[in-house]
Amino acid sequence: MTGVDALEELRQLMPPGASSNASVDWARMRESWGKDFPSDYRQFLDLYGFGGIQNYLSVLQPEPKGVESKTSDMRNETEMAEDAWSLVRKSPELAEASPVLIAWGGDASADLLCWDASDEDPDRWPVLVYKRGEGLWRRYDCGMVQFLVRVLRAEFDECPLGDLSLWGRGSATFLNRREQQRLWKEGIDPWTGEPDPFAGMFGD
């Protein structure tokens, strides 16, 4: 499955709602990280932006390495992944691996979703997941978008994440952070669509 095919599948499973909240300077990203980023990831951000899937899995905000920001999503999660790699056991296919980790996601189970960015071709980067509940790293030989499709279709041998919220559900809702904040400010729970008396109380 190509990145384009996977994105079209994901679009069917998870129709985009609000316009993307991501505006990325990819030249600056390449300069700071020393690498281009996968085309499916770029296309995902163009279509969806960064935010949450079913209030469970977060697609991180891309940001240049070594630059302070309000979120520190990708940088902080990558640092956490590097620490976890040095301390946590690995599945057999990773026993001798020395990956270059870049985090692209995380979830409510405190799992870390990364690429092994070792290959010069970013479209060949596999997904590495630290499943915190098992204390184990595993590799999935697919791109980020295909990984999401296969989770929603339950196409792995077992769920790669620490919760079954997305596993095999067949469809999902994505809300980028800007849309989530807009709904909260209007007094609406972004994930239920229902009025919430606590929404908007705590600012952005």
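FYI, it's all coordinate maths here, none of it is from the lab. As the structure is a prediction and not an experimental result, all values here were calculated from the model. Reconstructed Cβ throughout: ideal geometry from the backbone, glycine too, with neighbour counts over all protein chains shown.
A few notes on this one:
- Residue, farthest from Val149 (Cα to Cα), within segment 3-13, restricted to residues that are surrounded by 13 or more Cβ atoms within 10 Å (Cβ to Cβ) and either in contact (Cβ under 8 Å) with a residue 12 or more places away in the chain or not charged (D, E, K, R) (or both): Gly3
- Residues of segment 143-162 that turn out to be assigned to a loop (DSSP other than H, G, I, E, B) and touching a strand residue (DSSP E or B) at 6+ places or on another chain (Cβ under 8 Å), as a count: 5
One line per residue, one yes/no per condition, for (1) among the polar types (S, T, N, Q); (2) over 15 Å from the mean Cα position of the chain (by Cα); (3) in a strand (DSSP E or B):
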residue	(1), (2), (3)
Pro62	no, no, no
Lys65	no, yes, no
Met74	no, no, no
Ser86	yes, yes, no
Gly105	no, no, yes
Cys114	no, no, yes
Ser118	yes, yes, no
Arg138	no, yes, yes
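- Matching residues in segment 104-133 - criterion: being acidic (Asp, Glu) and in contact (Cβ under 8 Å) with a residue 12 or more places away in the chain: Asp107, Asp111, Asp116, Asp123
- The number of residues in segment 9-49 that are under 11 Å from Pro62 (Cα atoms), in contact with a helix residue (DSSP H, G or I) (Cβ under 8 Å, 6 or more places away or on another chain) and among the aliphatic types (A, V, I, L, M) comes to 2.
- Scanning segment 14-37 for residues that are outside any loop (DSSP other than H, G, I, E, B) and buried (at least 17 other Cβ atoms within 10 Å of the Cβ) turns up Met29, Trp33.
- Complete set of residues in segment 141-195 that are under 23 Å from Asp40 (Cα atoms), among the aliphatic types (A, V, I, L, M) and surrounded by fewer than 17 Cβ atoms within 10 Å (Cβ to Cβ): Ala154
- Just one of the listed residues (Pro15, Pro38, Pro64, Pro122) is out of contact with any Asp or Glu (no Cβ under 7 Å at 6 or more places or on another chain) and closer than 29 Å to Gly168 by Cβ, namely Pro15.
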